[in-house]
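The values are calculated or read from the model by the stated rules, or taken from the named source; none is laboratory data. A quick note: this is a predicted structure, and the numbers were derived from the prediction, not measured. As a convention, Cβ positions derive from the backbone with ideal geometry for all residues, glycine included, and neighbour counts pool all protein chains shown.
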Amino acid sequence: MWLRTSCDLSFDISVPTPFVLMLRPRSGAQQWVAREEYRLVPSIAAYEVTDGYGNLCQRLIAPPGTFSVHTNADVMTADQVDEAPGACFVEIQNLPEEVLTYLLPSRYCESDRFNKMTSSITSGQWAGYDQVAAITDWLRKNISYLPGSSDVPISAVEVNQRQSGVCRDLAHLGMAMCRSISIPARLVVGYLYDLQPMDLHAWFEAYVGGRWYTFDATQPQLRAGYVAIGYGRDAADVAVFNQFGPPVYPIQQDVSVRSIPEPVP
């Protein structure tokens, strides 16, 4: 499945403002970036770094005035999202070292608060993928997905108390529940084809059966069309932009994902 993703952001800058952006998808097991465009207006110096989670980040200082970022990419994605009912739980001593950090409580995922609740929800399930599937099903049935209802990340405990949230919030709760029963889980931010309403999207992945699998409680079922931009422990790690100094918010944000024909060699 070939998709063209785009994200355009505009800001009104009052003083020179340092930014760290995270807007470039990277090729991996589930996606291949065939073409990419990245424009800054006005054109200014920027340089790219790779953070501790492998995400491609761009550092720059935005000048006063209107500053905008325009990105688009042609990405080949899998025709279906891999699912693996019955995939086994990976014992802690056998986890890769880079996966261990996704077992720990983090700013928005207080996993040490959810063991009893999660154990009840997953009772009777085969340890591993089936437990995560049960958690995702519980989220769909019990936590209302309300796009646009919150601009500020809230923690898993708060989501559980409110019983509602945006995509990022449902992912935080699902991740906290997974970690509470020793299943590594990480947040993913990116795009989803035919998302309604269209915007940047967040979901989570769990490490079972020796690899990462996608879970998304905001959708009735998994389907093709996910394009990942960034991975991290929670929303604090995967903001598409961080700015430093006086607060700056986008005055315009346009996101689109559309299907395109397969490029001709």
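When P64 is tested against (1) loosely packed, with under 12 Cβ neighbours inside 10 Å; (2) under 22 Å from the mean Cα position of the chain (by Cα), exactly one condition is not met: (2). In segment 247-262, the residues that are closer than 20 Å to V227 by Cβ form Cβ pairs under 7 Å with partners that are of a type in the set (V, I, T) and part of a strand (DSSP E or B), at six or more places apart or across chains, as follows: V257/T5.
All conditions but one from (1) touching a strand residue (DSSP E or B) at 6+ places or on another chain (Cβ under 6 Å); (2) loosely packed, with under 14 Cβ neighbours inside 10 Å; (3) at pLDDT below 95 apply to P263; the one that does not is (1).
Let's see how each residue does on (1) among the basic types (K, R); (2) under 25 Å from L192 (Cβ atoms); (3) part of a loop (DSSP other than H, G, I, E, B):
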{"site": "V20", "(1), (2), (3)": "no, yes, no"}
{"site": "P25", "(1), (2), (3)": "no, yes, yes"}
{"site": "R35", "(1), (2), (3)": "yes, yes, no"}
{"site": "V49", "(1), (2), (3)": "no, no, no"}
{"site": "Y53", "(1), (2), (3)": "no, yes, yes"}
{"site": "L60", "(1), (2), (3)": "no, no, no"}
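With respect to A228, is the statement that it is within 11 Å of the chain's Cα centre (by Cα) and within 28 Å of G86 (Cα to Cα) true?
Yes; evaluated as a whole, the condition is true for this residue.
Select from segment 233-248 the residues that are assigned to a loop (DSSP other than H, G, I, E, B) and hydrophobic (A, V, I, L, M, F, W, C) and write down the one among them that is farthest from R186 (Cα to Cα). In this case the residue turns out to be V248. One residue stands out among those in segment 87-109 that are more than 21 Å from the chain's Cα centre (by Cα) and surrounded by 11 or more Cβ atoms within 10 Å (Cβ to Cβ): the one that is nearest to Y193 (Cα to Cα), which is A87. Restricting segment 110-141 to residues that are surrounded by 15 or more Cβ atoms within 10 Å (Cβ to Cβ) and of a type in the set (D, E, K, R), the residue that is farthest from V159 (Cα to Cα) is D130. In this structure, D151 does satisfy being surrounded by fewer than 19 Cβ atoms within 10 Å (Cβ to Cβ) and of a type in the set (D, E). Among the residues of segment 177-230 satisfying the criterion of being free of Cβ contacts under 8 Å to residues at least 60 places away in the same chain and polar (S, T, N, Q), which is surrounded by the most Cβ atoms within 10 Å (Cβ to Cβ)? Across segment 177-230, the extreme among qualifying residues is Q219.
On the given criteria, is Q58 assigned by TED's automatic domain parsing to the domain that holds G190, modelled with pLDDT of 95 or more and in contact with a strand residue (DSSP E or B) (Cβ under 9 Å, 6 or more places away or on another chain)? In short, no.
The set of residues in segment 5-18 that are outside any loop (DSSP other than H, G, I, E, B) and exposed (fewer than 15 other Cβ atoms within 10 Å of the Cβ) comprises D12, P18. You will find that of A156, A206, the residue that is over 24 Å from Q31 (Cα atoms), of a type in the set (G, A, S) and either under 17 Å from the mean Cα position of the chain (by Cα) or at pLDDT below 95 (or both) is A156 and no other.
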